[in-house]
Structures are given as C-alpha cells and as structure tokens.
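Participant: Structure below; questions to follow.
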C-alpha cells in the first residue's frame, strides 16, 4: 500500500479545478442544469463529490429543477410482488459494505434465513431451510434476472458467482418456496441479486488491498452518460486468495485467483420505456486440494426491456445468453487398493439461452394480475474424466414455463394471492406449482401472513446421467433412469412489522412436507451399480427470527436466530443405502448478532458474532459432525477525506482455523482467520 | 499477516482510473424521499390555504405523515427552522386518520392504500392537501401524486379534488405537472 502513495498524490494534484457537487441532471436540460449548478455553487457548497446534496441545496431549486433531478430509489418500496407475503430478508448495499464481505458468497452470511458454510478456499455450501449437502440443490439464485444454477446437479457453483460488490444494489433472500413468479428450482428458497442501474453508478470507484488469506485484490468501475438518455458503466475485479489448511496443519493447496469484468447500459428512450443491456465475463484458476487445478471461465449478455402502458399496466421482456466453462481435476476412483479408473479431468461447457415475458395489470379496483411465459434452452457438453462422467455427453434440453397470479384486495386490511406456475421439462414433462397466500395488515406497518405452496425440484443431470467411474467395466454409482422430481408442500406463517418505535422484526415459521426425495438403491444380484431413486419422504419445521434495534442515531443492532428440525425417512417397504442420512447436513440452531456503530471523524466500526450449531454430516460410511462454533467478523473504516476510505476487516477472528463443513478426518479443510486492509476511492 | 502486496496490473488499473477521473465529473443522486420531502416543503409555498384552515393566527403549519413514514429524518431536516407566512413548519406522524387534528399537508403512506377511500371520506370538506405516491390503482381522489418515473419525480395533480378542499394551487406547480382526474375535462 505504501507503494501506491505517490500515485495518489500525483493523481490528486493533477486534477484541474475544484471539485464540487453535481446532481444527476440530464444534459438535455442544460440551461436549467447550469442554473442549478450555479445556485449550488453560490450556496457555498464545499461538500465534495460523492456526497448526497443537502436538503438546503435542494430547497434552492425550482419545481422544474427538482423534477429534473435524478433520484436513487434505495428507499423505494420494493415492488409489492417481491415483497409479497413471504419470508423475505433484504441485504442492502450498506450492509454489504459495512460487513467487509469481499464476495457474494461472503455477503450471504448477512441473511439470517440462509445456512452458509465455507468448504475450502473457493467452495461454499449455501442453502435455506436445510438440505445443505455437498450437492445442495433446492435454491434458485438469480443475478439481475439471470438464473445461475448448473444443470449438472441443480446447484450453484458459488466460486464463479461474483460482482464488484460496490455496484450491487441489494440482495433479496426469500426462504421457502418462492411462489409463482420465480423460475425453476425455487424449492426451499430464492436469492435475487440486483445490481444498481447505470444511472446510479456514475463516476469512478476504485478499491485495492490485501491481507493474509485474501492476499491481494482490486476493483474499479467507471460510469458515465453516453447520450442524454443513456447511461453506462464498466467494471473489473481481481483477487488472489491463499490456501486454507487441513486439520493437521498442512496446506490444503487450494489457493486461487479470479478476474472478472463487465458492462451495463441503461437507456430511457421514452418516459415509458426502459432498456437495459448488460454483460459479464470471468476467468479463474483454482488449485484443488486433491491435486491439480480447475479452470473456470464464462460470460453472459442480458437484454431487458420494460414498457409502461399506464399506471395500471406494464410489460417486461428479457433475454439472455450465457456460457460457462469448467475444467475440473477428478482424482482416481479407488476401491480399497484397487484403482477402477485413473485420475483425469472433467470438462463441462454449458450454453444457455433464455427468454422471459411478463405482463402486469390491474383489473377493476381489487385485482392485480401478473402473468408470464418463459423458455430456456440449454446445450451441455461434457468431456468425461475416467473416474466421473455423464451419459449422454451432449444434451440439449428445453424448459417451458407459464405462470398466472392474482393478488386480490379483499378489504382495507386483507389481501389474498392465488397463483400457479406450470413447467414442462424434458425429463419429467409437466409440473404444476401452485400457491395461495394471505396477508393481513392489522395495523399500520404490521403484517401477518400465511401461505401454502407446492414446489418441485426436477431432475438434474447427476440424478439421471451420472456414471462413476465413467470408463470402467465396473460402474459403482450411476443416475437413475426413472429418477423423478422431488416435491415439497410448504405451510408457512409469519409476522413482519414495527414492534416499537425503534425496533422492527420478523418471525417466519414453516412446516414442510417432502416426498420422493433422492435415495440410493442397489442392483439386485450384482449390488452395483448403485443408482438414484426417490425413496425418501419426511418433514421439516423451523423458525426464523430477525430483529433490528436502532439503539442510538449512530448505533444499530441486528439479531437473528434460526431453528431447523429435519425428519427424513425411507418410505415404508423401500430402501436407501444411506438410510436417509445423505440428503441433509444442517445445523439445528444458528444465532447471529451484528452491530453497526458510527463514530466521530467519519469512522465506522462494525462487528458480527455468529454461532452455528453442530452440523451432522453423513457424506460417508458413518455419521459424523462438524462441531459447533462461535465466530467473529469485524471492520474498522475511516473516511480520511470525502471519497477516500481506509478500512481493516477481519473474518473468522476467534480461531486460527475452524472447520465449517466436511467429513472429519485429516483431509477436512479448515477455514483460517482472515485479515485484510483496503483502500477505496469514489469520485 | 503477510505483507500487503499490490500486483503490477492493479497499479495500472488505479492509474487509469485516476486519469479518467481527472476529466469527468461525478454525480451523486439524492434519495427519492429526500427530494419528495423537498416537494412537500414547496407545496406549503405554492398552495393557498383558506384562513379557516388554521385554528389560530399564530398556529403552526403542519405537514403530517399517515402510516409508514418513508422519509426517515429527511422531512424533519427539510422543514427545520422554516416558516410559511410566518407560521413555523412542523411535522406530525399519525397511525390512523382519527389522530389527525390540525393538519395542512397530509402525506399518505403506501401502507394506507388499502384503506384510502375510508381516509379520504374522513377528510372530506377539510382543507388538507393530500399527497401520495404512485398507486397502481390510480389517482382515487388524492390531490397530488409524487410519481417516481424512471428515477425522476413527476407531479400528478387532481385540480378538482384540491378545489373541493378549498385549496388553490399555484400555476408554478400546475405548469410542470400532469393534470388528472375530473379536472381534466
């Protein structure tokens, strides 16, 4: 960091003129803009860039000028449909910044209704309401409307989902079936990552830093205006992370680095039309503890158009194209001392084309109707490793979906939402996923809600097409040709509201009934190949509590608690090799307390203490546990001058290393204490 | 903790960013409700209330917020130390329409949209300028709507509703606004 000091100095002194505040006023309104700027300058505005204008400044403006000012909608009420009666928690940009999170996966620790466990330097297990196995598969994750799960196992490769965190507007986390509107796979939860509009990211942002685990990182964004109606930004991000350690103290040799970049263009061609075009690419290299290195790369382009017919009706259309490449070293398949297949590399190239249409309108005074259609085409090409493969190696799949939902205002306080989604997938045909939700706003700002919904987790390639090993006369485990969807029926009851003048909170409770959950059967006579079946059923129940307490104007506390009880069993008369133990790996209790304190002289002090209960992990011959643990994260930041911020952040501070996941043994990777320093500059 | 290292590539990135920064101006937008709070303050100046709207000659000018308050501290900040026709401006917050006594401008929060008809009926005949956000169900008798259209605030004014409340809206507000409701014909 010392090395860059002279650079900053020269950059600052080379800047011509005095910096001053400029509101986001359109160039088209140049005369009034000039007037406004002059006014602000006359008002003696020495507040430097990147600060919001003060109310006194705004009061100087005429009505027309006020109408020309671009506003950020940070405080804007989330769209009602997203806010719909459900267990939703929102991670704001400020939450992310203050937490010291350096990746999307780390930021998700801020959602109380998620289980987040770091497996090694680059891999994470993340789930809602249980089933957080190594192949967790019941979550729908979207970044700006683009679904980011892999059809290989219906899960998410968290190592390649990232963004310049500064430009994320918010992350909405819904636990429970997402309801009608969301895409496929919203079984136990939905994570919706929303980046800022290009209109809200004008100017320069740059950050850089390093530490013991996160050895070096940097990111930058530049945003501006192309024409009076078109805003854009470009960004880049890079990091280099060190290796974690095995339980015996040896290096896990899982260090990695990744670079990514992208652009976003937002255009308002008329007051009624918004057009957005954005794209990203990434490239990474990940050393793997079992030897060798994985290569990951990918990119996407997304186009989104919304048209407002009137206050009562709007339409949106979105299409995207996405490619991902994975090259993953697979160790030899050993059966005792016998090697069935040598080590090799699995390659996967996935191409996705997706298009979605949605129309919302109001019918009479009481009905808010949304309906939509979607189509997704995936082209998946696998090059099998000797020890692990998929057959067929090339697979094209089509997913059609349609949905209809009506929100009915029954009275001033009561509303009901009825809707259903219908999907058609190539494996199992039609799936119907209905839900009904009731909302009661019994006083201003207090809501009770309840919902019954049904969702399906349709088969993924691993369920149907797996072959382990891939090139051997003897196959040990393979996909089940008749493997069908897993189903959940969820009963939910929740409360959300302002409990006292400075306390808000929410309680969500659920009782989920699962059917046809994955099990492993054997071939009569020969025992192998073992193959996947749907022989499990059971239920889960739980409570998710979260609360915010604004203790003082400059100090707030946030607390969260989760209870989860899972009961899965083999259906009567049927069989599972793993005795219903292999689909869950979850703590029964989770607690977290977060404090955000603003100190004088532009200093911020934040800390988060979390406790995670024992996690029963059964991904082996016997049942075992990851022991419960307390961990602490903290961040101290100081804004030296406006726009320039120095911070020090620590993660997992209480232990030199602790495991969060994995079967016990010398090869279990533990997560080390991480401390880094960062310099951030906004102009 | 290892020494902090900055890779060479990163230096270039920062240098490039610094150079670009020298040639451009950054813009930071105010929040939606900060601007809306300033609009409420402007309404106090550009709308004429009848004398009987105030219980005493020295009574304060009251801006009320009904239901969930989206402004936070912004509204209080905007009116702090301000006067309208020598009346000090004050902010009051109400949980229900029954709590409203002397009020001149009433911002009706979006949480109230379900019982809007009830609220407007209760306020009928009183000289209270009703203000709200955009509502998918349309205007429905609120005098001024503050509509966020693509991150800019637009005014939608129902002149007839204001007239029924014995309020006169200045042309300074009417000119840039969209006129809706019965006032249109």
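Participant: Exactly one condition in (1) more than 10 Å from chain B (Cβ to nearest Cβ); (2) over 21 Å from the mean Cα position of the chain (by Cα); (3) buried (at least 22 other Cβ atoms within 10 Å of the Cβ) is false for residue A:251; which is it?
Facilitator: Here residue A:251 meets the rest and fails (3).
Participant: Specify the residue that is nearest to residue A:580 (Cα to Cα); the eligible residues are those in region A:480-535 that are free of Cβ contacts under 8 Å to residues at least 40 places away in the same chain and within 14 Å of another protein chain (Cβ to nearest Cβ).
Facilitator: A:500
Participant: Collect the residues in region B:144-177 that are surrounded by 16 or more Cβ atoms within 10 Å (Cβ to Cβ), away from chain A (no Cβ under 14 Å) and modelled with pLDDT under 90, keeping them in residue-number order.
Facilitator: Passing the criteria: B:159, B:160, B:161, B:162, B:165.
Participant: Which ones in region A:373-416 are under 30 Å from residue A:329 (Cβ atoms) and assigned to a loop (DSSP other than H, G, I, E, B)?
Facilitator: Listed by number, the residues that qualify are A:384, A:386, A:387, A:391, A:392, A:393.
Conditions tested, residue by residue: (1) under 23 Å from the mean Cα position of the chain (by Cα); (2) crowded, with 24+ Cβ neighbours inside 10 Å; (3) more than 14 Å from every other protein chain (Cβ to nearest Cβ); (4) without any contact (Cβ under 8 Å) to a residue 12 or more places away in the chain.
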| residue | (1), (2), (3), (4) |
| --- | --- |
| A:187 | yes, yes, yes, no |
| A:196 | yes, no, no, no |
| A:203 | no, no, no, no |
| A:209 | no, yes, no, no |
| A:213 | yes, no, no, no |
| A:216 | no, no, no, no |
| A:220 | yes, yes, no, no |
| A:225 | no, no, no, no |
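Participant: Could you tell me whether any residue of region A:499-509 is in the same structural domain as residue A:113 (by TED's automatic domain parsing) and at positive phi?
Facilitator: Among the residues of region A:499-509, not one is in the same structural domain as residue A:113 (by TED's automatic domain parsing) and at positive phi, which makes the answer no.
Participant: A further question follows. Consider residue A:136 carefully, then state whether it is touching a residue at least 40 places away in the same chain (Cβ under 8 Å), buried (at least 23 other Cβ atoms within 10 Å of the Cβ) and either on the phi < 0 side of the Ramachandran plot or part of a helix (DSSP H, G or I) (or both). Walk me through it before giving the result.
Facilitator: Working: touching a residue at least 40 places away in the same chain (Cβ under 8 Å): no; buried (at least 23 other Cβ atoms within 10 Å of the Cβ): yes; either on the phi < 0 side of the Ramachandran plot or part of a helix (DSSP H, G or I) (or both): yes.
In short, no.
Participant: Across region A:285-324, what is the total count of residues that are farther than 30 Å from residue A:370 by Cβ and outside any strand (DSSP E or B)?
Facilitator: 5
Participant: Scan region A:112-127 for residues that are assigned to a loop (DSSP other than H, G, I, E, B) and at pLDDT 95 or above and jot them down. Lay out the reasoning, then the answer.
Facilitator: Quick first cut of region A:112-127, residues assigned to a loop (DSSP other than H, G, I, E, B) only: A:112-114, A:119-123.
The one that is assigned to a loop (DSSP other than H, G, I, E, B) and at pLDDT 95 or above: A:114.
Participant: Only one of these conditions is not met by residue A:337: (1) surrounded by fewer than 16 Cβ atoms within 10 Å (Cβ to Cβ); (2) under 30 Å from residue A:667 (Cα atoms); (3) touching a strand residue (DSSP E or B) at 6+ places or on another chain (Cβ under 9 Å). Which number is it?
Facilitator: (3)
Participant: Here is a further query. Can you report the number of residues in region A:430-463 which are surrounded by fewer than 21 Cβ atoms within 10 Å (Cβ to Cβ) and touching a residue at least 60 places away in the same chain (Cβ under 8 Å)?
Facilitator: Here the count works out to 5.
Residue by residue, here is whether (1) at pLDDT 95 or above; (2) farther than 19 Å from residue A:208 by Cα; (3) part of a strand (DSSP E or B); (4) not assigned by TED's automatic domain parsing to the domain that holds residue A:316 holds:
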residue: A:238; (1), (2), (3), (4): yes, no, yes, no
residue: A:249; (1), (2), (3), (4): no, yes, no, no
residue: A:263; (1), (2), (3), (4): yes, yes, yes, no
residue: A:268; (1), (2), (3), (4): no, yes, yes, no
residue: A:278; (1), (2), (3), (4): yes, yes, yes, no
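Participant: I would also like to ask the following. With respect to residue A:644, determine if the residue is in contact with a strand residue (DSSP E or B) (Cβ under 9 Å, 6 or more places away or on another chain), surrounded by fewer than 18 Cβ atoms within 10 Å (Cβ to Cβ), within 14 Å of chain B (Cβ to nearest Cβ) and more than 30 Å from residue A:568 (Cα to Cα). So that I can check it myself, show each step before the final result.
Facilitator: Numbers: in contact with a strand residue (DSSP E or B) (Cβ under 9 Å, 6 or more places away or on another chain): yes; surrounded by fewer than 18 Cβ atoms within 10 Å (Cβ to Cβ): yes; within 14 Å of chain B (Cβ to nearest Cβ): yes; more than 30 Å from residue A:568 (Cα to Cα): yes.
Spelling it out, residue A:644 is indeed in contact with a strand residue (DSSP E or B) (Cβ under 9 Å, 6 or more places away or on another chain), surrounded by fewer than 18 Cβ atoms within 10 Å (Cβ to Cβ), within 14 Å of chain B (Cβ to nearest Cβ) and more than 30 Å from residue A:568 (Cα to Cα).
Participant: Inside region B:93-143, can you point out the residues that are out of contact with any helix residue (DSSP H, G or I) (no Cβ under 8 Å at 6 or more places or on another chain), more than 9 Å from every other protein chain (Cβ to nearest Cβ), more than 17 Å from residue B:163 (Cβ to Cβ) and outside any loop (DSSP other than H, G, I, E, B)?
Facilitator: B:93, B:99, B:121
Participant: From the list A:390, A:403, A:377, which one is in contact with a helix residue (DSSP H, G or I) (Cβ under 9 Å, 6 or more places away or on another chain) and away from chain B (no Cβ under 14 Å)?
Facilitator: Every option except A:390 fails the conditions.
Participant: Would you say residue B:81 is touching a helix residue (DSSP H, G or I) at 6+ places or on another chain (Cβ under 8 Å), more than 25 Å from residue A:447 (Cα to Cα) and part of a loop (DSSP other than H, G, I, E, B)?
Facilitator: On the way: touching a helix residue (DSSP H, G or I) at 6+ places or on another chain (Cβ under 8 Å): no; more than 25 Å from residue A:447 (Cα to Cα): yes; part of a loop (DSSP other than H, G, I, E, B): yes.
No; evaluated as a whole, the condition is false for this residue.
Participant: Scan region A:340-353 and tell me whether some residue there is part of a strand (DSSP E or B), assigned by TED's automatic domain parsing to the domain that holds residue A:289 and in contact with a helix residue (DSSP H, G or I) (Cβ under 7 Å, 6 or more places away or on another chain). Full working, then the answer.
Facilitator: Start the filter on region A:340-353 by keeping residues that are part of a strand (DSSP E or B), which leaves A:340-341, A:344-353.
Still in the list and also assigned by TED's automatic domain parsing to the domain that holds residue A:289: A:340-341, A:344-353.
The next check asks that each one be in contact with a helix residue (DSSP H, G or I) (Cβ under 7 Å, 6 or more places away or on another chain); those that pass are none.
The answer is no, given that none of the residues of region A:340-353 is part of a strand (DSSP E or B), assigned by TED's automatic domain parsing to the domain that holds residue A:289 and in contact with a helix residue (DSSP H, G or I) (Cβ under 7 Å, 6 or more places away or on another chain).
The values are calculated or read from the model by the stated rules, or taken from the named source; none is laboratory data. The structure presented is a predicted model; accordingly, all values stated were derived computationally and were not measured. Heads up, the Cβs are rebuilt from the backbone with ideal geometry, glycines too, and the neighbour counts pull from every protein chain shown.
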